[in-house]
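The values are calculated or read from the model by the stated rules, or taken from the named source; none is laboratory data. Not measured: the values here are computed from a predicted model. Methodologically, a virtual Cβ is constructed for each residue, glycine included, from the backbone with ideal geometry; neighbour enumeration extends over all protein chains shown. Heads up: the accessible areas ignore ligands, DNA and RNA and are worked out on the full protein's heavy atoms, side chains in. Shrake-Rupley method; radii C 1.70, N 1.55, O 1.52, S 1.80 Å.
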Amino acid sequence: MISVILGLQFGDEGKGKITDFISRDFDDVVRFNGGSNAGHTVVINGEKFKFHLVPSGAMQSSKVILGNGMVIDPEELISELELLKKSNKNIDIKISAGAHIVTKMHKCLDKKEEGIRSKLNIGTTSQGIGPTYEDKYARTGIRFIDLSNKEIIKDKIETIYNMKKNLLAGSIYENPEERNKMVDELCSFGNSILKYMDYTENLIYNDYRKGKNILFEGAQGGMLDIDFGIYPFVTSSNTIAGALTTGSGFSFRKVNRVIGVFKAYTSKVGSGPFPSEIVNDSTLRDLGSEYGTTTGRPRRVGWLDIPLLKYTIMMNDVDSLAITKVDILGKMKTIKVATKYTIDGKEIDYFPKRLEDFNKLHVDYVEFPGWGTINNAENIIANGYDELPENMKKFLEFIEEKTGKTIDIISLGEDRKMTITKEIFN
Ligand code: IMP
């Protein structure tokens, strides 16, 4: 079985939890995009594990692969690998020779670029993601394999510095000694992680030929995709299912199932249009503890948005849906769901690309009564879907009807065991 799991909103859908849950059925888990801008939390028997680079499937699978589409901060990687080895001792770790390296200078550039953008400030995670992808496409980027060659690292650091000198004015990187220190540091990181390097496109293909089950794990969400998200309030990589091919080298034609994860409501960190946003009421944010895993920033929170969901379902060609935080949403007395977008009185069936259109966008909602706090979770987990509160079932069935997709996984709490599935995943 070859599957891909993705977020269908603005990231933070709870993919980490669902990925961890299903990864027991997979031998290899492959990440193909992004870097430490992502934050995945996995909770096992009350113990919390937070990862940014390592795939969330790492706790239960036997091999994790960090693909060429990723941008890797080696210092962060080293500390995550230590944590991972404590909980999954026998895990085999492989990192693509072609993945790109995030340096401290890239993080500095991320902040400098944000400082220059005025109205179109993105609110990035400051993890150096954008500048590292810029260098990748400018063909000056430092790849994982380059960590084995001090001369190449030095040459590339100088090239990047010279190209971006104006931006780096006033920073410590104006001092050549600081740049040399960075080169030494990168070499020493290389000494401890180069042993994980591989030509992962061949490795994944060979595992596929051996009949291994492989799960591709997307980071961020469909609405942060550089091409199909709300540009420019997006991340610097493609986040949709198709990106697994360019980000790992594996053919999308061999994927058997696309699993789309969404939260029972919507949240977003950073700026930009958010059609179903709840303004001036933090009840849902507080109930859901909606604060960024990577930045700690309070997330913007809104209602579930069906037009948005239908768009990302289409862009990812989703087969199966997984919903998270449905227990949290139920605590709201009245629940709203966005059902329709209109501009100048006309319903639209596309996602606007002109930012001004969002000012004219009218959103229709329907309301559902909440289902309160779930007190019989153990009974539900043991006996499945039929035991869910009636109001929750109506809400879930409404989503299925509107999207034309079945919700096969329902998450009722952060712990791995707080999950019910339909037959397909049993
Ligand atoms: P960057 O990826 O750090 O450049 O940030 C670009 C935009 O994507 C910002 O609005 C971030 O808040 C958002 N973003 C990036 N990664 C994630 C994520 O994993 N979850 C939620 N938002 C994210």
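Points worth noting:
- Using C-alpha pairs under 8 Å with a sequence gap of at least 6, the mean separation divided by the residue count of the range 100-195 gives a relative contact order of 30 percent.
- Low-density loop positions, GluC sites (Glu not before Pro), the range 354-395 - DSSP coil, at most 10 other Cβ in 10 Å: E356
- Signed unit charges on C-beta, dipole axis of the chain, positive-most listed residue L396, P369, T419: T419
- Paramagnetic label zone (point 7 Å from Cα along Cα-to-C-beta, N375; backbone N under 19 Å) in the range 306-336: 327-333
- Lys/Arg +1, Asp/Glu -1 at C-beta; the range 100-195 dipole; positive extreme among M163, N121, H106: N121
- Chymotrypsin sites (Phe, Trp or Tyr not before Pro) restricted to the range 279-372 and DSSP loop, no more than 12 other C-beta within 10 Å: Y350
- Helix 176-193 axis versus longest C-alpha principal axis of the chain: approximately 70°, rounded to the nearest ten.
- Cα-only radius of gyration and Dmax that characterise the range 100-195, units Å: 13.3, 44
- Point-charge dipole on Cβ atoms (K/R +1, D/E -1) for the chain, about Cα centre, debye to 20: 420
- Accessible area of the range 90-233 divided out per residue, in Å², using a probe of 1.4 angstrom: 47
- Size descriptor for the range 218-366, Kirkwood hydrodynamic radius: 16.5 Å (Cα pairs only, one decimal).
- Sequence-separation-based contact order of the chain, relative, with Cα cut under 8 Å and 6+ spacing, percent: 20
- Linear extension gain, R257 paired with T342, 0.36 nm per residue minus alpha-carbon span: 27.3 nm
- Loop-located trypsin sites (Lys or Arg not before Pro) in the range 332-420 (DSSP state not H, G, I, E or B) with no more than 14 neighbouring Cβ atoms inside 10 Å: K333, K353, R354, K417.
- Normalised Debye scattering of the chain at q = 0.06, 0.11 Å⁻¹ gives log10 I(q)/I(0) of -0.25, -0.83, counting only Cα atoms as equal scatterers and leaving out solvent.
- Degrees between helix 390-403 axis and first principal axis of the chain (Cα, 0 to 90, nearest 10): 60
- Nearest 10 degrees, 0 to 90: helix 104-116 Cα axis against the chain principal axis: 60
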